[in-house]
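Working notes, structure below.
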């Protein structure tokens, strides 16, 4: 599997990514299927953008696995996800805080 960008979200969340030309998108229309979508992402390398609301709906064990994952790197968008999370992911991956 190649390194690339993957997006996991509901269809409304995903539409902007589609318009930007991203092809690897999983529409989660049934929240009970969210865990399956995330599990499939662990087989990839690269960055996985996940809608924050979907992330919060996941079982705690899966959320902890996401938080510890470096490859792929998960970035939560919407809600509480954002710049601070990206900063922490970079610091965790390379061991240096680039903002200092």
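Could you please give the count of residues in region 1-25 that are more than 17 Å from residue 65 (Cβ to Cβ), touching a residue at least 12 places away in the same chain (Cβ under 8 Å) and surrounded by 11 or more Cβ atoms within 10 Å (Cβ to Cβ)? Before the answer, list the steps.
Filtering region 1-25 for residues more than 17 Å from residue 65 (Cβ to Cβ) gives 1-5, 7, 9-25.
Now narrow it down to the ones that are touching a residue at least 12 places away in the same chain (Cβ under 8 Å): 1-5, 7, 9-11, 13-14, 17, 22, 24-25.
Now restrict to residues that are surrounded by 11 or more Cβ atoms within 10 Å (Cβ to Cβ): 4-5, 7, 9-11, 13-14, 17, 22, 24-25.
Selection size over region 1-25: 12.
Can you tell me which residue within region 36-52, out of those that are within 12 Å of the chain's Cα centre (by Cα) and without any contact (Cβ under 8 Å) to a residue 40 or more places away in the chain, is surrounded by the most Cβ atoms within 10 Å (Cβ to Cβ)? Before the answer, list the steps.
Start the filter on region 36-52 by keeping residues that are within 12 Å of the chain's Cα centre (by Cα), which leaves 37-42, 44-52.
Restricting the remaining residues to those that are without any contact (Cβ under 8 Å) to a residue 40 or more places away in the chain gives 37-42, 52.
Details: 37: 18, 38: 24, 39: 11, 40: 13, 41: 22, 42: 14, 52: 18.
Applying the filter and picking the extreme gives 38.
Quick one: residue 29 ticks every box in (1) closer than 24 Å to residue 61 by Cβ; (2) surrounded by fewer than 17 Cβ atoms within 10 Å (Cβ to Cβ); (3) touching a residue at least 24 places away in the same chain (Cβ under 8 Å) except a single one, so which number is it?
(3)
Does residue 58 meet the test of being under 13 Å from the mean Cα position of the chain (by Cα), at pLDDT 90 or above and farther than 22 Å from residue 4 by Cα? First the steps, then the outcome.
On the way: under 13 Å from the mean Cα position of the chain (by Cα): yes; at pLDDT 90 or above: yes; farther than 22 Å from residue 4 by Cα: yes.
For residue 58, the condition - under 13 Å from the mean Cα position of the chain (by Cα), at pLDDT 90 or above and farther than 22 Å from residue 4 by Cα - is met.
Just one of the numbered conditions (1) touching a helix residue (DSSP H, G or I) at 6+ places or on another chain (Cβ under 6 Å); (2) within 26 Å of residue 95 (Cβ to Cβ); (3) not in a loop (DSSP other than H, G, I, E, B) is not true of residue 70; which one?
Answer for residue 70: the failing condition is (3).
The values are calculated or read from the model by the stated rules, or taken from the named source; none is laboratory data. What you see is a predicted model, and the numbers here were worked out from it, not measured in a lab. Methodologically, a virtual Cβ is constructed for each residue, glycine included, from the backbone with ideal geometry; neighbour enumeration extends over all protein chains shown.
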